[in-house]
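Engineer: Can you keep this structure in mind? I'll have questions shortly.
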Amino acid sequence: MTRFPPGPKSSYPGSGFLRFRKDPMGFLERMAREFGDIVHWKMGGQNVFLINDANLIRDVLITQDKKFDKQLEAARSLLGLGLTVSSGELHRRQRQSIQPGFYRDRIAKFAEVMVQCAARAQNRWGENATLDIKREMERIALRVVGETLFGVNLESHAEAVSRAMTRAIGSPSNMMVPMLKWIEKLPLKGVRAAKAGRAVMHAVVDQVIRERRPSAGQTDDLLSSLLVADDQINDASDRQLHDEVMNLLIAGYETTANAMSWAWYLISQHPKVEDCLHQELDRVVGDRSPTMADFEALRLTQNVIRESLRLYPPLWIIWRRTLEDYPINGYVAPAGSLVLMCQHVTHRDKRYFPEPLRFNPDRWTEEFKEHMPKFAYFPFGGGSRQCIGDRFGFLEAVLVVATIARKWKLTLATGHPVVPAPLFTLRPKYGLRMIATRR
Ligand code: HEM
């Protein structure tokens, strides 16, 4: 008989799922605290394993990754068969054709656009304006992805995309339990809203492609090269092209906007860090705009982003399905099990991060980075499915925060509740109302 690792007892059928669904981050934190590095329970009839040890996570993402598949069928209506959800040979080919768009020298060229987009946004702010910083960061991130990867200005779509994504973006629990697919067929308000959100996103992507097709090959952005490749294949690949644009758009803007929003929140709560950040910007950047050449010298700014990604990882959980029986530490995860790796839990583990709840950008010394087990910190995942936009997203967050913090101080509006909402991405549930004052 299969021996499973310890885990919560099921008090009634579906209790594992309901507890996870009600408070996913809290539930997983409690599981790790109570049962340790490998926890097992049943959810929707499936065996679920939470692993919370850096080396076991490394094995799943890197050394043993052939034994796992990403399981994101439930996201197909939005993401189709794009890079984030595909698998096997299709994924390998997609990654090969998209990767050159993210080479180091390419990303460096995007720096100027990132800074300009941040500057344009802040130029609209007035002294003591109350802003929803989450919305502002979304607007910037959308514009950056639009201009750098697709050669279009997405600013006019910002409000529609933001609203659509709020409706379309689901909870991870829905995606993990395949039998929940039938919910999509019910005439529920939430289901209708999600469908409407997805329809808006599909329309925006169609418009981007329509706008750019005539000038395919004339510019050197990623979409231009994908369009040229698409023409050389056949019309059937139009669907694939649509999916790629959708995947890059969503993966590229939603995560980075959340990363930057959480960074602003944390900076505003830590005046000493804020002072040091301002000093660094005055010293390194002075009166001009930041550039790619400043990136290395912006040590604290980088560490502020690193530490925000630790405490508020925009993708706070990733999961895989076992393709065959998988031995873990003397146990076996049968084929078809779900293996959860939760950045929110591992990034707050005191074995890896002393005083884990403290926002302490200074912990990121070279020595600390060198000695930390690699997968104690994995905001961008790892292995063959590692975030393709990791450098892009990190650079953008550093440069946008540098551009804005050089001129503005953002203070959380009195009484504004900041509540993390662990949807597919980790968002501030009620946005982030902040007051902007000039420095
Ligand atoms: C701070 C910002 C970002 C964070 C925290 C983040 C996080 C992640 C994580 C954790 C994964 C792996 C998911 C898994 O293994 O299941 C991932 C994958 C991915 N990300 Fe990002 N990401 C960010 C920015 C970006 C940007 C800017 C882009 C593109 C412009 C992007 C595009 C993608 C794509 C296409 C994948 C799928 C890669 C594959 O499966 O081959 N991400 N991201």
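Every read-out reported here was derived from the displayed coordinates using simple, explicitly stated rules and does not represent laboratory data. These numbers come from a predicted model, not from an experiment. Reconstructed Cβ throughout: ideal geometry from the backbone, glycine too, with neighbour counts over all protein chains shown.
Engineer: Would you work out the relative contact order for the chain, in percent, from Cα pairs under 8 angstrom that are 6 or more residues apart?
Structural biologist: Taking the mean separation of contacting Cα pairs over the length of the chain, I get 26 percent.
Engineer: Follow-up question, since we're still on this one. Using a/c under 1.5 as the rounded threshold, could you call the chain rounded, prolate or oblate? The axes a ≥ b ≥ c are square roots of the C-alpha gyration tensor eigenvalues, and prolate needs a/b larger than b/c, oblate otherwise.
Structural biologist: oblate
Engineer: Report the Cα-based extents of region 128-201 along its three principal axes, largest first, to the nearest Å.
Structural biologist: Largest to smallest, the principal-axis extents are 45, 33, 21 Å.
Engineer: Taking Rh as the Kirkwood radius, which is the inverse of the mean 1/r over Cα pairs, what is the Rg/Rh value for region 93-250?
Structural biologist: 1.01
Engineer: Another question, then. Straight-line reach from LYS9: which lysines have a Cα under 22 Å away, not including same-chain ones fewer than 8 places off?
Structural biologist: By straight Cα distance, LYS9 reaches LYS22, LYS42.
Engineer: How large is the dipole of region 164-319 about the Cα centre if only Lys and Arg carry +1 and Asp and Glu carry -1, each at its Cβ, rounded to the nearest 20 debye?
Structural biologist: 920 debye
Engineer: Could you line up CYS387, CYS117 from fewest to most neighbouring Cβ atoms inside 10 Å?
Structural biologist: By the 10 Å Cβ count, ascending: CYS387, CYS117.
Engineer: If the chain between THR63 and GLN386 were fully stretched, how many nm would it gain, using 0.36 nm times the residue separation less the Cα-Cα distance?
Structural biologist: 114.9 nm
Engineer: If packing is taken as the mean number of other Cβ atoms within 10 Å per residue, what is the order of 263-273, 283-293, highest first?
Structural biologist: 263-273, 283-293
Engineer: Sticking with this one: In the chain, which helices (entire DSSP H runs) extend 20 Å or more along their own long axis, judged by Cα positions, while averaging at least -1.0 on the Kyte-Doolittle scale?
Structural biologist: Length and hydropathy pass: 104-123, 189-212, 238-269, 390-407.
Engineer: Multiplying the sequence separation of MET372 and ALA199 by 0.36 nm and subtracting their Cα-Cα distance, what value in nm do you get?
Structural biologist: Additional length available on full extension: 57.9 nm.
Engineer: Given the alpha-carbon gyration tensor of region 305-439, what are the semi-axes of its equivalent ellipsoid in whole angstrom, ordered largest first, with each equal to the square root of 5 times an eigenvalue?
Structural biologist: Sorted largest first and rounded, they come to 33, 18, 15 Å.
Engineer: Pick out which of LEU241, LEU79, LEU18 has the largest mean-square fluctuation in a Gaussian network model of the chain, springs linking Cα atoms closer than 10 Å.
Structural biologist: Per the Cα network of the chain with a 10 Å cutoff, LEU18 tops the list.
Engineer: Sorted by mean Cβ packing within 10 Å, highest first, what order do the peptides 217-229, 138-150 take?
Structural biologist: Order by mean packing, descending: 138-150, 217-229.
Engineer: A follow-up question, please. If each of ARG124 and LYS350 carries a label point 7 Å out from its Cα toward its Cβ, how far apart are those two points in nm?
Structural biologist: Distance between label points: 4.5 nm.
Engineer: Where a Cα-Cα gap under 14 Å defines reach, which aspartates and glutamates qualify for LYS195, not counting those fewer than 8 residues away within the same chain?
Structural biologist: By straight Cα distance, LYS195 reaches GLU184.
Engineer: Would you list which lysines come within 20 Å of LYS134, measuring only between C-alpha atoms, while excluding same-chain residues fewer than 8 positions from it?
Structural biologist: The qualifying lysines are LYS407, LYS409, LYS429.
Engineer: Another question about this same structure. Placing +1 at every Lys and Arg Cβ and -1 at every Asp and Glu Cβ, with all other atoms neutral, what dipole size does region 11-73 have around its Cα centre, in debye to the nearest 20?
Structural biologist: 180 debye
Engineer: Nothing charged except the Cβ atoms of Lys and Arg (+1) and of Asp and Glu (-1): what's the magnitude of the dipole of the chain about its Cα centre? Round to the nearest 20 debye.
Structural biologist: In total the dipole reaches around 1340 debye.
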